Structures are given as structure tokens and as C-alpha cells.
Amino acid sequence: MTRFRGAGTALVTPFTTEGRIDFDALSKLIDWQIDQGIDFLVACGSTGEAQTLSREEREAVVAAAVRVAKGRVPVVAGATSSDTATLVDEVKAMCGLGVQAVMTACPYYNKPTQAGLERHFTMMADAASVPLIVYNVPGRTAINLDPRTTLRLARHPNILAVKEASGNLGQIARIIAERPEGFLVLSGDDPLALAVIAMGGDGLISVISNAAPNATAALVGAALRSDLAAARSLHYALLPLMDACFVESNPIPVKAALALMGRMSPMVRLPLLPAASSTEAALRDALSHLDQARKAA
């Protein structure tokens with residue numbers, strides 16, 4: 001459980017200019033993330049453009065993450081589908097790649113009932129040979145996982161945590177207040193990480209940490225230590241980057257930020273398009289602000 005308490009990076013999937021997966025850039029990104037103090041990695045989530053990767057590509061990315069991490073930090077495999085039966089098969093396959101957990105979001109487009117969601121996640125947890133992280137992100141799936149449903153799922157012996165990206169602090173607080181012992185609540189929104197941890201949450205699965213792993217890990221670490229002054233300072237140092245990374249659909253801006261840093265191509269797969277010039281300008285300003293804030297600290 002404690003291995004997933006802290007700051008995790010929802011990894012981007014680098015592409016070459018021809019649109020193929022750039023495994024060299026991915027390997028270098030993973031090594032840098034670990035060197036910079038990130039606690040765990042999530043491969044093939046929404047930030048990793050999982051829905052534009054084939055199943056074979058998703059498995060190759062996850063296998064590469066496990067191979068490069070070499071046990072230095074845990075690796076979580078993302079696996080989400082709107083077809084429960086298909087997803088059971090993919091979850092089993094991901095478990096066989098050496099990951100320490102699987103993260104799965106609510107089925108998208110179908111808009112199932114809460115009973116349907118509970119049954120869906122229960123089937124994933126029963127099928128998985130590693131712990132499951134449930135991911136609530138209604139902005140992408142068009143359905144909210146009700147806190148009562150989350151709390152029932154939390155009692156499943158193989159459901160480890162929820163990544164909460166509903167943006168509803170009241171809902172998140174209820175889950176934290178009523179969860180069973182050992183169940184983790186992780187923020188799925190960078191700007192809300194400090195608030196969620198202050199309420200008793202356990203960490204963050206981050207987008208911006210792709211480009212700012214050290215500062216993000218420091219923010220989460222300070223918040224978990226209840227060092228509010230340090231956490232607040234880091235939050236405001238990172239805030240312009242948090243804002244800039246969501247002016248267009250994730251992961252368009254954070255890939256552009258990594259390209260500005262010389263770490264990979266800014267390429268995304270259709271239907272996404274590369275960042276607008278105004279977004280790149282905002283990212284430059286945000287990265288400069290963070291650099292100046294860290295030097296002044």
C-alpha cells in the first residue's frame with residue numbers, strides 16, 4: 001500500500017515525427033522521472049494516449065516501463081475499455097507484464113448505472129493478480145463514480161485505491177472520511193493535490209510531473225509531512241504550469257513542454273493536434289516561473 005503513497009507520474013507516450021512509439025525517449029523519460037524522485041509510474045493512462053494505441057502497443061509500452069524501471073519504483077498499467085469482457089482479458093494480460101498494480105477508469109460512452117459500474121470494477125478486481133486502482137474521471141467518461149459506490153468497492157480485498165479526478169472536494173472528503181483502513185485516495189488533478197492531501201488523502205497521480213518531476217514530488221512530500229508552508233510555496237511555483245498544461249486537451253500541452261525541454265517530439269496522435277503557439281508561449285513562461293521560484297527558494 002505505502003508504495004503508492006506519494007507522487008506518481010501519468011506518463012506520456014512519446015512518438016517519433018512519423019507517429020511511431022519512441023521507446024528511446026520513453027526510456028530516458030522514465031530514468032529521469034526516477035532520478036528526480038517520483039514515487040511510482042503509470043503507463044498507458046489517458047495522459048499516455050492509451051485509446052489511440054493498439055492493444056499490442058499498450059502492452060509494449062507497459063513492458064518497456066517495467067523493464068526500464070527495474071524495480072526502482074512501482075509501475076502501474078493503465079487498462080480501460082467500455083467493453084467489460086474485453087477489458088477483463090486485457091487486465092489479465094497487463095498483470096502478466098510485471099506491473100505492481102493496474103489502474104482502470106470508468107467505462108466511457110456507455111454511461112452505466114452505479115450498479116453497472118460496481119459490477120464492472122468488481123470483475124476487474126476479481127480477474128487481476130495485482131491490486132487495482134479505480135479511476136474516476138467524469139470529464140472524460142461522462143459518468144461520475146458516486147462516493148457510495150467507491151466506498152463499497154473499497155471493501156474489495158484487491159481494490160487498493162481510487163484516483164479521484166471528479167474535481168468535487170466534497171465528494172473526495174466523504175471518501176477519505178468513510179474509507180476502510182488501508183484504502184488510498186489519490187488526487188487525479190494537479191491543482192487539487194494540496195487540498196486533497198490536506199484533507200487526509202495519500203498523494204497524486206500527476207500530469208505536470210512529466211515536465212516537473214522533482215518539484216511535484218517535493219510538493220506532495222511536503223504536503224504528506226504536513227509542512228504546509230513548503231507545500232504552499234511549491235504549489236504556487238507550479239501553478240502557472242498547472243494552468244498551462246490544461247489550456248488544451250491533455251496531453252497536448254505537457255508534450256509541448258517536454259519538447260521545449262528537448263526531451264521528446266511534441267507529436268500526438270489524431271484526433272489530437274500539436275499545441276498552438278499561444279500554448280507554447282504559456283508553457284515557456286510557466287517553466288521560467290518555476291525555475292525562478294526554485295532558485296529563489
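Here are the numbers for the structure shown:
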quantity	calculated
Single residue of ILE38, ILE34, ILE30 found to be without any contact (Cβ under 8 Å) to a residue 60 or more places away in the chain, buried (at least 24 other Cβ atoms within 10 Å of the Cβ) and closer than 18 Å to PRO213 by Cα	ILE30
Residue identified as open to solvent by less than 10 Å² (accessible area, probe 1.4 Å) and either within 21 Å of THR150 (Cβ to Cβ) or not basic (Lys, Arg) (or both) among ILE208, ILE176, ILE197	ILE208
Identity of the residue in the range 199-213, of a type in the set (Gly, Ala, Ser) and in a strand (DSSP E or B), that ends up nearest to THR9 (Cα to Cα)	SER206
Subset tally (residues that are in contact (Cβ under 8 Å) with a residue 60 or more places away in the chain and polar (S, T, N, Q)) for the range 236-273	2
Qualifying residue in the range 64-78 (condition: farther than 19 Å from LEU160 by Cβ, modelled with pLDDT of 95 or more and part of a loop (DSSP other than H, G, I, E, B))	yes
Residues within the range 86-112 that are out of contact with any strand residue (DSSP E or B) (no Cβ under 8 Å at 6 or more places or on another chain) and on the phi > 0 side of the Ramachandran plot, tallied	2
Selected residue (only one of HIS120, HIS156 is farther than 28 Å from GLU57 by Cα and modelled with pLDDT of 95 or more)	HIS156
Boolean, GLU248 is assigned to a loop (DSSP other than H, G, I, E, B), of a type in the set (Asp, Glu) and touching a helix residue (DSSP H, G or I) at 6+ places or on another chain (Cβ under 9 Å)	yes
Filter result for VAL12 (part of a loop (DSSP other than H, G, I, E, B), of a type outside the set (Gly, Ala, Ser) and touching a helix residue (DSSP H, G or I) at 6+ places or on another chain (Cβ under 7 Å))	yes
Selection within the range 214-229 - part of a helix (DSSP H, G or I), surrounded by fewer than 24 Cβ atoms within 10 Å (Cβ to Cβ) and not small (Gly, Ala, Ser)	ASN214, LEU224, LEU228
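The values are calculated or read from the model by the stated rules, or taken from the named source; none is laboratory data. Please read all numbers here as calculations on a predicted model, not as lab measurements. Heads up, the Cβs are rebuilt from the backbone with ideal geometry, glycines too, and the neighbour counts pull from every protein chain shown. Quick note on the areas: whole protein, heavy atoms, side chains included, nothing else; ligands and nucleic acids left out. Shrake-Rupley method; radii C 1.70, N 1.55, O 1.52, S 1.80 Å.
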